Each structure stands twice: as C-alpha cells, then as structure tokens.
Amino acid sequence: MSIEIPGYRPGTWTLDPAHSEVTFSVRHMMISKVRGSFGVKEATLIAPENPLEAKVEAKVDVASVDTNDEGRDAHLRSADFFDVENHPTMEFVSTGTRVEDGDFFVDGDLTIRGITKPVSFELDFGGFGTDPYGNYKAGASAKTVINREDFGLTWNAALETGGVLVGKDITIGLDLQGALQV
C-alpha cells in the first residue's frame, strides 16, 4: 500500500530542536495533572518514495526534564525514576507506519530506563513549507499514552486519603519540525 501526501519529499529529514518539543502529563494526587517537557537530543527520518515505509529514530535527553519545579525535576532525574546517571536518554525506533480510518500511526520501540516496549503514536501532519533561509521543512504532532510502570518507573507514595501520589498513565506529546537534508 502506498499513499500520497501533498508536499511530501523523499530523503533524509533531521529534527530542528529549536522548533520541537517532547511533553508529558501525569496525574498527581489523583486530582490534578503535572506537566513537563524534555529537550530533544536528535531525531532522523529516512523518507522513501512511499511515506508508509519511512523510518524514524529519536533520542531525548532525560536530564533535560523540566516540570517548573527544580526539586521535582531532581527527583525525576534520580534512581527513583529515570536514573539519568545510568540511562541518560530515552530512545524511539520506528517499526512501521500505518493508516487506520484515515488516521496515521507510527509504531515503534520506546526505550526508557533500559526497558524497551512497543508503542503507537497517533500522528497529525502539520504540513510542509520553505523557511526564509531556503530550508524545506515539515511539521507534525503525535501523541501516545504509556504505563510508566512498564518501563520500570514504579516509585510512588500512598496518600492518607487513599490513592497514590503519581498516576500510572503518562501522556506523551510530540510537536516536531524537521528539515530535508540536501
């Protein structure tokens, strides 16, 4: 199966970190959400003629975690959570791209804290265009939900009122912009 995407060009695309972001949200005390972000270290998309055969590899700098609370960020960097000393990056390697009922999905292997699990990101194309410097760019957003405990992120605290401090489900959001390499 092949699809056509207006503006699509085959080639090697590299991430523009200044215009890209990885975000997350998780339930806190079961009553609200904590949101944060990571700096994207690198990402490459190898795009053949058929977009459904594209391959993506990405790395995220885990030490860059930012939740607007330095104490919480330090705890997230510790061995209780990401253990950045031993696992400085999160990585994603795609295994396929598919279309279901008109929606695009990128399937792949996500590695957090040395544990690799399959995930599917629902993809929303933003489009293509040329910037003022002559670079041909593409934009997209993607989202998935993972169970953090599947990746060894099991630290938690019981609440006096019932429930736990940190929810299991993490929503991961990507807002990405890349440039076609010439």
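Table for the structure above
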read-out: Given (1) at negative phi; (2) surrounded by 14 or more Cβ atoms within 10 Å (Cβ to Cβ), index of the condition ASP131 fails; value: (2)
read-out: Per-region count, the range 151-182, residues in contact with a Lys or Arg (Cβ under 7 Å, 6 or more places away or on another chain), without any contact (Cβ under 8 Å) to a residue 60 or more places away in the chain and not in a strand (DSSP E or B); value: 2
read-out: Residues of the range 1-37 that turn out to be farther than 25 Å from TYR136 by Cβ, among the aliphatic types (A, V, I, L, M) and in contact with a Leu (Cβ under 9 Å, 6 or more places away or on another chain), as a count; value: 3
read-out: Index of the failed condition, LEU45 passing every other in (1) assigned to a helix (DSSP H, G or I); (2) touching a residue at least 24 places away in the same chain (Cβ under 8 Å); value: (1)
read-out: Members of the range 106-145 that are of a type outside the set (S, T, N, Q) and assigned to a loop (DSSP other than H, G, I, E, B); value: ARG113, GLY114, ASP131, PRO132, TYR133, GLY134
read-out: Matching residues, the range 105-117, being hydroxyl-bearing (Ser, Thr, Tyr) and either loosely packed, with under 13 Cβ neighbours inside 10 Å or out of contact with any Ser or Thr (no Cβ under 9 Å at 6 or more places or on another chain) (or both); value: THR116
read-out: Members of the range 88-104 that are buried (at least 17 other Cβ atoms within 10 Å of the Cβ), under 24 Å from ILE5 (Cα atoms) and of a type in the set (A, V, I, L, M, F, W, C); value: PHE92, PHE104
read-out: Matching residues, the range 97-109, being more than 18 Å from GLN177 (Cβ to Cβ) and free of Cβ contacts under 8 Å to residues at least 40 places away in the same chain; value: GLU100, ASP101, GLY102, ASP103, PHE105, ASP107, ASP109
read-out: One residue from SER64, SER37, SER20, SER25 being at pLDDT 90 or above and touching a Phe, Trp or Tyr at 6+ places or on another chain (Cβ under 7 Å); value: SER64
read-out: Total residues in the range 4-33, condition surrounded by 12 or more Cβ atoms within 10 Å (Cβ to Cβ), among the β-branched types (Val, Ile, Thr) and in a loop (DSSP other than H, G, I, E, B); value: 1
read-out: Subset of the range 48-92 [among the hydrophobic types (A, V, I, L, M, F, W, C), more than 16 Å from the chain's Cα centre (by Cα) and more than 20 Å from LYS168 (Cβ to Cβ)]; value: LEU52, ALA54, ALA74, VAL84
read-out: Qualifying residue in the range 96-103 (condition: at pLDDT 95 or above and under 22 Å from ASP150 (Cβ atoms)); value: no
read-out: In the range 70-87, the residues that are closer than 15 Å to ILE115 by Cβ, surrounded by 12 or more Cβ atoms within 10 Å (Cβ to Cβ) and in contact (Cβ under 8 Å) with a residue 24 or more places away in the chain; value: PHE81, PHE82, ASP83, HIS87
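The values are calculated or read from the model by the stated rules, or taken from the named source; none is laboratory data. Model, not experiment: these values are computed from the prediction. Positions of Cβ are generated from backbone atoms using ideal geometry, with glycine treated the same way; all protein chains shown enter the neighbour counts.
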